[in-house]
Amino acid sequence: MSSIMVSRIRQKQIAQMVASGKRLDGRGLKDYRPIKVETGIIEKAEGSSRVLLGKTEVVVGVKVEIGDPFLDRPNEGVFTVNSEFVPLASPEFEAGPPSEESIELARVVDRGIRESKAIDLEKLCIIPGKKVYVIFIDIYVLNHDGNLIDASSLAALAALLNTKIPVYVVEENEVKKTNDYIPLPIKNLPVSVTLANISDKLVVDPWLEEEEAMSARLTITFDKDNKISAIQKGGTGALKPQQIMEAAHIAKEKAEELRKMVVKT
Amino acid sequence: MSSIMVSRIRQKQIAQMVASGKRLDGRGLKDYRPIKVETGIIEKAEGSSRVLLGKTEVVVGVKVEIGDPFLDRPNEGVFTVNSEFVPLASPEFEAGPPSEESIELARVVDRGIRESKAIDLEKLCIIPGKKVYVIFIDIYVLNHDGNLIDASSLAALAALLNTKIPVYVVEENEVKKTNDYIPLPIKNLPVSVTLANISDKLVVDPWLEEEEAMSARLTITFDKDNKISAIQKGGTGALKPQQIMEAAHIAKEKAEELRKMVVKT
Amino acid sequence: MSSIMVSRIRQKQIAQMVASGKRLDGRGLKDYRPIKVETGIIEKAEGSSRVLLGKTEVVVGVKVEIGDPFLDRPNEGVFTVNSEFVPLASPEFEAGPPSEESIELARVVDRGIRESKAIDLEKLCIIPGKKVYVIFIDIYVLNHDGNLIDASSLAALAALLNTKIPVYVVEENEVKKTNDYIPLPIKNLPVSVTLANISDKLVVDPWLEEEEAMSARLTITFDKDNKISAIQKGGTGALKPQQIMEAAHIAKEKAEELRKMVVKT
Amino acid sequence: MINENGLRVDGRKPNELRLIKMEVGVLSNADGSAYIEQGKNKILAAVYGPREVHPRHLALPDRALLRCRYHMAPFSVEERKSPAPSRREIELSKVIKEALEPAIFLEKFPRTSIDIFIEVLQADGGTRCAGTTVAALALADAGVPMRDLVVACAAGKVDGVIVLDLNDIEDKEGEADVPVAYMPNLGLISLLQMDGSLTIEEFNQSLNLAMDGCKQIYKFQKEALKARYVTIKEEVEECLR
Amino acid sequence: MINENGLRVDGRKPNELRLIKMEVGVLSNADGSAYIEQGKNKILAAVYGPREVHPRHLALPDRALLRCRYHMAPFSVEERKSPAPSRREIELSKVIKEALEPAIFLEKFPRTSIDIFIEVLQADGGTRCAGTTVAALALADAGVPMRDLVVACAAGKVDGVIVLDLNDIEDKEGEADVPVAYMPNLGLISLLQMDGSLTIEEFNQSLNLAMDGCKQIYKFQKEALKARYVTIKEEVEECLR
Amino acid sequence: MINENGLRVDGRKPNELRLIKMEVGVLSNADGSAYIEQGKNKILAAVYGPREVHPRHLALPDRALLRCRYHMAPFSVEERKSPAPSRREIELSKVIKEALEPAIFLEKFPRTSIDIFIEVLQADGGTRCAGTTVAALALADAGVPMRDLVVACAAGKVDGVIVLDLNDIEDKEGEADVPVAYMPNLGLISLLQMDGSLTIEEFNQSLNLAMDGCKQIYKFQKEALKARYVTIKEEVEECLR
């Protein structure tokens, strides 16, 4: 029996279970897998974290450099989110330029941070129009067992909360690094929650085989004030409007739970 | 019957007609297809044009920026010609880095403009050796039905004539943009004419199927004073010297006709 | 008989001969092929050389420019070694980004020069922290008949010894080129010697077919004071520790011989 | 950006669309094509296929391979854009493909590819939505069998007001943007993104307003398709360009 | 960098290894995997295969194709590293592959590939050696049949003294670095590089010291493999992370 | 750039070629090879084929696939050139291929490729012409059956005078450059480009002068081929390098 056939049968099995309100791994439809968050695991990075979401494993490293501001934002620091689907994480991942999935992931995480104004960029200006902090947030997927977006956005937030930035002084228009470090100024706490549509039901935190069985995926990012900062629908299927609103309400609740896991860390 | 066979038969048919002085689309050997030139179609670009040459369709956009001059030409502005064969224009075009045909096209158009000194580069210097105007001429092929070179060089000229550049003032060595615009200074009007060698006869403005049937192609660019500024032979065949001189005389005449279409616009 | 079969038989033949102390081309195990070194062959380059090692042919060109120093070495010039395996040199070479073999070659030659401090980088500073000489050493393989590393490092050394750099003067913080040239300051003379392990014997300077028959390759670079500056093991086999030390002693002797060929040039 | 009369920077009311113009069948080489102007957006779409897949190993045994490339011309934006695809263009290519895929009977054409090319000639905010709308027209023009058309429109929040079909400035300076693609007969949403800051209630309003916008644009789509097939061919060709 | 008591910058004696921690079977998707910490080095290795070769034309008729990718995370070094493979990473991928290849019975799996991925999460000098050591563990974990394990360690010269297992500063500021990979039961050397300046005699000492280091690390390798198979599975999984 | 005696910057008369030196069969791996010096130009060409096509899907059912790569060494020009092919090199590869193609009986070798590699070691103006001339020799050396040789030379206008075989300075500072490739026995022109400013009459003169130059260079080509085959092999090999 071909592996495509096997996976078809498996997908049917998953769909039937979800239709009857159950999941193959025993979780309830709105349950996350066990989550573990560690921080400070990369001493050479200014901030870092590792998140385990079931068997999905993601490391985020934050590096801090000095660079130029954007022309239209002379008084603000700059950050970028980059994601690597390194081939040790999955037989599906290949070395080479980032895949569209990897780019989508990084951009969804980026939007959550950017739109919630999680990083206080105005505090990251050193010389207006000339020198600002540049924050590199690198997402490194080490094992792919589904729902990389939630694992990555959680890891990104944990790593940002863990980040210390060097203090610089300006002497005669020259920037000088001191030996002091202060925490990266954080103003908000965006957390994303992803739901999959399987058999017309919404399940939270789909694992890999559920992702193969789902028709569509919806990721909603909530900030600390329960406002939505980002949404991304994925997958080749479509959703009913009422499903979307139902997903939003579930996500709001789940986001609060997840946020507590990171902030307490 | 394979599509290669069909196209062979078609090529033979075209060759036989040309041998008897006729063309499959009813044109005389020295006739261009209907030409339509529009300008100012992209409001956000400093200059733009669209040229329809039969079913061949090309859009050219001109963007103007400030940049560094070349080291050996400190008092001159800079221009570049770039061409994109986007895949919506033909089943033969592929996404990715520019093909050799696309690069050749851009370089032939570039040579016509550069060698005829069409753009008055010396008027495009803002601070000698430091800041000059940089003119980006982007050729966008939207539908490929043959003779892209003539359509593109006509569109490039039309777009340049349509271009307005912002006026800059220099205050304390800083360049400041004003709200004024002036026309891009144009000194010459290069126009290219392409002929195909089919059945040892020269036909002007080959369309796609004629390009497949031709043995060689010759493009000659004339400036407003009837001087040749650029020549490019293409195709895998060869030409007799007397054919080349014949082509030059035809092209001179045709170039004048085409030039009038653009200048009147 | 497939070409793979042919080459297997050939490899066996080579291995058997080496086992009995002989080589297919009549050389002794410790003999180099005939070597010819020419310099100054590219007049437009600041330094150049051509080395023939049997049928292996390598050209090295040295270009000298002005550029920025590394941040952590403000008082030193910069050099880079680059290698091109151009497709005219071998049916195995392909156009495109450098292969891992090409990168390895360049880096082994680079290490020999860098670690022996062959170029006196401190004399290549023009304005500390701002302007230094940048030396480009480009290795161009024209015919590949084995042992590219030794041919290339010999050619690189010959080209460096042949290099004249333009004299610059600093006037009001501006760097000005004069018409004078001085020799590139050279402090050391690294020479690499490569041995192949075939039938558990070491042979010096393997040619192409020996490289196909060898289990491993060892390159050892000695400086003028008989110190080792670089070592690189290659190939998919392994070596005994005593073989390595034996190789080191052979290489030391051979390196002295080769060095005389270049220095006398 | 909302004045005392409740009007927007370009004079529109909050729930008002920009001027929209659509044309179907505008390119002769493509199997299907369409053109849209929505505000200052000017976007072309072309469809090639179902056709042989290149490279072949990408072919799917049970359905057509759908591919989509959203691309912006270098001159389409204020500052010249490099022609190489940006990360943004790669993401949008993916979400537009996923917006169109549920509408297409891909299973009817196993081992083939259907390739959608969207070229933004001028960008003025909302290009992913207008690009989706025009790509659906090109698919229809190519005769690709579809469950429903797909039509897209954004809503969002500007100066505290929920507004429809944001233009470039509103998109950049506004509080939130919610692009939505909708299959009007199936009542399903196939593209949904959001960035900015909205309460759940505001998001709900935006989603509903965007669907309203989609339904209005759907009428233009149907008219454009009718014009392609009903109006006399000569007349069409004349007014297309 | 050697103090009056003959101790090194991190307090080690010349012939002393850094702290080493190894774990086998740490990733669920890979066919084999392992993790190593050596000083501040933190490195993961995964093995996929023997499996079908992609692209197919690379398949070898008489043996498995061995491929190796050594790669550093952008945050693994002081200054952020671009994720695109550097020339250094390409060279190290090659020498590590050649260090492992003599130990593997590739001829048992014709027409397949065995792919080794090494990810350096944090780099502290000696990553090619630690990467080789951990990759050998991942190969064993994947059940790839091997003639011997491969274990790697560097020796070198710092402040005139021949020392074992150089850390980042010693590597950069020292006089020479000699990375060595060793197959302890076969007594063969499969990786050897050197840069710096050494007499033949000093090189001989370094080579011998590096082999001594390899033999010590080999013990950790065996323990880690034992832990993977002998210790109760649950316990292993708990302490792995 | 023309002095009172009507002589050019390098002392030549207007219709005088630069010094030319050619050698055939200079590389042992290639199926055919040749070397040319024309003024300070130093150019190598190699031909591989007819051989199997890689990648295979490029093979043509009815004739050989001709490919050509014109490439400049980084050290061949005043300012170091990046080794990646520039747009200029890509264009020249195309026009040189098209200059050689009409001379080759490609139909004799269906499903194979003939690959021409031209490496400019030193550039001094007119490299595309000298590259075409030397590539034709390499094709002949490879035993590729040809209708005619191909020989190329430029003419142009410098200080108002029509001159032959422009060198680097004349090319850059002159009024026009007309590179021409010619098949001397067929009397056909297979490469023609021009840039600068010429009346039709001046162009006619340049074209004729370039053809004259080609005919002269053709004699050198024939001698070089003779030398390859007639002269005693040992002698050849000695003087080649």
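No value in this document is a laboratory result; all are computed from the given coordinates. Bear in mind that the values here come from a model prediction, so they are computed numbers and not experimental data. FYI the Cβ positions are ideal-geometry reconstructions off the backbone, even for glycines, and counts take in every protein chain you see.
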**Report entry** Overall form of the stretch D:157-205 per C-alpha gyration tensor (a/c, 1.5; a/b vs b/c)
**Finding:** prolate
Query - Rotational relation A to C, axis-closest Cβ in chain A, residue and distance rounded to whole Å - result: A:P97, 7
Report summary line: Amide H neighbours of C:D145 at under 5 Å, excluding residues fewer than 5 places away on the same chain, with H built from the backbone geometry, are C:T56, C:E57
Report summary line: Phi-derived 3J(HN,Hα) across the stretch D:63-74 with the Karplus relation (6.51, -1.76, 1.60, θ = phi - 60°), rounded Hz, x for Gly and Pro, is 6, 6, 8, 9, 10, 9, 10, 9, 9, 10, 5, x
Report summary line: For C:V167, the residues 5 or more places away or on another chain with a placed amide H closer than 5 Å to its own amide H are C:T178, C:D180, C:Y181, C:I182
Query raised in the report: Any idea what the relative contact order of the stretch C:116-242 is, in percent, if you count C-alpha pairs under 8 Å spaced at least 6 apart?
Result: 22
Report summary line: One decimal, nm, nearest first: from B:K130 to the same residue in each other copy, label points 7 Å out along Cα→Cβ, the values are 1.6, 1.6
Query raised in the report: Within chain E, which DSSP H helices have Cα atoms that stretch 18 Å or more along the helix axis and a mean Kyte-Doolittle hydropathy of at least -0.5?
Result: E:87-100, E:127-141
Report task. Pick out, in residue order, every one of the trypsin sites (Lys or Arg not before Pro) in the stretch D:127-214 that is DSSP loop and has at most 15 other C-beta atoms within 10 Å; say none if there are none. Result -> D:R147
Report summary line: Sorted largest first, the Cα spans of the stretch D:106-241 on the principal axes come out in Å as 47, 37, 24
Query raised in the report: Counting only the backbone N, which residues of the stretch D:111-140 are under 11 Å from the spot 7 Å out from the Cα of D:Y229 toward its beta-carbon?
Result: D:140
Query raised in the report: Can you name the helices of chain C, as whole DSSP H runs, whose Cα span along the helix axis is 15 Å or more and whose Kyte-Doolittle mean is not below -0.5?
Result: C:3-19, C:148-161
Query raised in the report: Looking at the square roots a ≥ b ≥ c of the eigenvalues of the Cα gyration tensor of the stretch C:53-207, which shape do they give, rounded for a/c under 1.5, prolate if a/b is larger than b/c, or oblate?
Result: prolate
Query raised in the report: What is the set of long-range amide H partners of F:L198 at a cut-off below 5 Å, with H atoms built 1.01 Å from backbone N?
Result: B:I228
Report summary line: One finds the C-alpha centres of the stretch C:195-265 and the stretch E:158-192 to be spaced, in Å, by 20
**Report entry** Ratio of Rg to Rh over the stretch C:125-265 (Cα coordinates, Kirkwood Rh, two decimals)
**Finding:** 1.11
Report task. Give me a single rounded figure for E:195-205: the average over its residues of other chain Cβ atoms within 10 Å of their Cβ. Result -> 6
**Report entry** Relative contact order, percent, the stretch B:23-264 [alpha-carbon distance under 8 Å, six or more residues apart]
**Finding:** 21
Requested in this report: Starting from 0 in steps of 5 Å, tell me what percent of the Cα-Cα pairs of the stretch D:80-146 lands in each bin.
Outcome: 3, 14, 27, 24, 15, 10, 5, 1, 0
Query raised in the report: Once the other residues with Cβ under 13 Å from the Cβ of E:R18 are scored (Lys, Arg +1; Asp, Glu -1), what is the net sum?
Result: -2
Query raised in the report: Averaged over peptide A:135-145, how many Cβ atoms belonging to another chain are found within 10 Å of each residue's Cβ?
Result: 4
Query - Longest to shortest principal axis, alpha-carbon extents of chain C, angstrom - result: 71, 37, 33
Report summary line: One quarter of the C-alpha convex hull surface, i.e. the mean projected area of the protein assembly as shown in nm², amounts to 58.0
Report task. Kindly state, to the nearest 0.05, the FRET efficiency for B:S215 paired with C:K55, given R0 = 35 Å and r defined as their beta-carbon distance. Result -> 0.25
Requested in this report: Within the stretch A:19-72, list the GluC sites (Glu not before Pro) lying in a DSSP loop whose Cβ has at most 11 other Cβ atoms in a 10 Å radius.
Outcome: A:E43
Query raised in the report: What size of dipole, in debye to the nearest 20, comes out for the stretch B:23-264 about its Cα centre when the only charges are +1 on Lys and Arg C-beta atoms and -1 on Asp and Glu C-beta atoms?
Result: 740
Report task. Give the calculated FRET efficiency between A:E256 and F:K172 to the nearest 0.05, with a Förster radius of 60 Å applied to their Cβ-Cβ distance. Result -> 0.30
Query raised in the report: Summing Lys, Arg as +1 and Asp, Glu as -1, what charge do residues with Cβ under 15 Å from the Cβ of D:Y48 carry, D:Y48 excluded?
Result: -3
Report summary line: Here, GluC sites (Glu not before Pro) of the stretch C:151-200 satisfying both criteria (DSSP loop; at most 15 other Cβ within 10 Å) are C:E172
Report task. In square nanometres and to one decimal, what's the mean projected area of the convex hull around the Cα atoms of the stretch C:1-117? Result -> 11.3
Report summary line: Largest-first semi-axes in Å of the equivalent ellipsoid built from the Cα gyration tensor of chain D are 30, 20, 18
Requested in this report: For the stretch F:1-60, evaluate the Debye formula with one uniform point scatterer on each Cα (no solvent term) and list log10 I(q)/I(0) at q = 0.30 Å⁻¹, rounded to two decimals.
Outcome: -1.12
Requested in this report: State, as an integer percentage, the relative contact order of the stretch C:1-125 based on alpha-carbon contacts under 8 Å between residues 6 or more apart.
Outcome: 14
